[in-house]
1. Would you say Leu64 is under 23 Å from the mean Cα position of the chain (by Cα) and either modelled with pLDDT under 90 or surrounded by fewer than 16 Cβ atoms within 10 Å (Cβ to Cβ) (or both)?
2. Only one of (1) part of a helix (DSSP H, G or I); (2) free of Cβ contacts under 8 Å to residues at least 60 places away in the same chain is not met by Asn111, so which one is it?
3. Is it fair to say Gln136 is assigned to a helix (DSSP H, G or I), closer than 23 Å to Thr48 by Cα and modelled with pLDDT of 95 or more?
4. Residue check: is Ala128 of a type in the set (A, V, I, L, M, F, W, C), surrounded by fewer than 20 Cβ atoms within 10 Å (Cβ to Cβ) and part of a helix (DSSP H, G or I)?
5. Scanning for something under 14 Å from the mean Cα position of the chain (by Cα) and within 16 Å of Val66 (Cβ to Cβ), does the range 96-108 turn up at least one residue?
6. Could you say whether any residue in the range 106-125 is modelled with pLDDT of 90 or more, of a type in the set (D, E, K, R) and farther than 30 Å from Ser166 by Cβ?
7. Would you mind finding the one in Leu98, Leu127, Leu55, Leu83 that is farther than 24 Å from Ser178 by Cα, touching a residue at least 40 places away in the same chain (Cβ under 8 Å) and among the hydrophobic types (A, V, I, L, M, F, W, C)?
Amino acid sequence: MLRAAAPLLTLLLLTACAAPQETHAAHVHPSPPPSSSAAAVPGGFSETDAAYVQLAIPQDETLLPVLALAKSREGVDPALAGLAAEVQTGHQQELERLRKALADAGRTYLNMHEGHDMPGMVTADELAALTNATGQAFDDLLRTLLRAHFEESTTVAKSELAAGSSPEVLDVTRGIESSRAAYLARLGST
């Protein structure tokens, strides 16, 4: 049951993260939610799109140091190292497109999730553990971090695809959902 509610919960969290701070009075007497047309800015970029992009960027950014370690560490399973190199290139392209979508909508990127221990984001402790791991332990932890990232970014992407409105963001998100499925399939065979 909790697993089935995860995409809805993720979307609610995304929207809440992007919402401006409300006063206590707003919680006592909430106003009705804006219509979907009122929530969208010119070009169809909604608060849901903004919240999604503001989460997708740090999801990708926290994985980049992991991918760099996988590429530079000697003795990594060659299939795993190859996957990491492909993911790094893909994530850098996604980050460019996500940042462009924000800029095109007149938004500024704010890392509202910095320091948060959120699913799919690599924490400082996890990165330190990977840095200190060697051999099979490194490969196993790398697989675990990649799987968690791929699965969570897929969940968040599905929420955006269900509720987003920006054609630009939706296009990037379809690519994210597709690439994560392919990465998970490859990860399962390494």
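1. yes
2. Of the numbered conditions (1) part of a helix (DSSP H, G or I); (2) free of Cβ contacts under 8 Å to residues at least 60 places away in the same chain, the odd one out for Asn111 is (1).
3. Judged against the criteria, Gln136 is not a match.
4. For Ala128, the condition - of a type in the set (A, V, I, L, M, F, W, C), surrounded by fewer than 20 Cβ atoms within 10 Å (Cβ to Cβ) and part of a helix (DSSP H, G or I) - is met.
5. No: the range 96-108 contains no residue that is under 14 Å from the mean Cα position of the chain (by Cα) and within 16 Å of Val66 (Cβ to Cβ).
6. Yes: the range 106-125 contains one or more residues that are modelled with pLDDT of 90 or more, of a type in the set (D, E, K, R) and farther than 30 Å from Ser166 by Cβ.
7. Leu127
One line per residue, one yes/no per condition, for (1) under 17 Å from Gln54 (Cα atoms); (2) without any contact (Cβ under 8 Å) to a residue 40 or more places away in the chain:
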| site | (1), (2) |
| --- | --- |
| Leu142 | no, no |
| Ala148 | no, yes |
| Ser153 | yes, no |
| Val156 | yes, no |
| Pro167 | yes, no |
| Thr173 | yes, no |
| Ala181 | no, yes |
| Ala185 | no, yes |
| Ser189 | no, no |
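The values are calculated or read from the model by the stated rules, or taken from the named source; none is laboratory data. Keep in mind that what you see is a predicted model, and the values were worked out from it rather than measured. Positions of Cβ are generated from backbone atoms using ideal geometry, with glycine treated the same way; all protein chains shown enter the neighbour counts.
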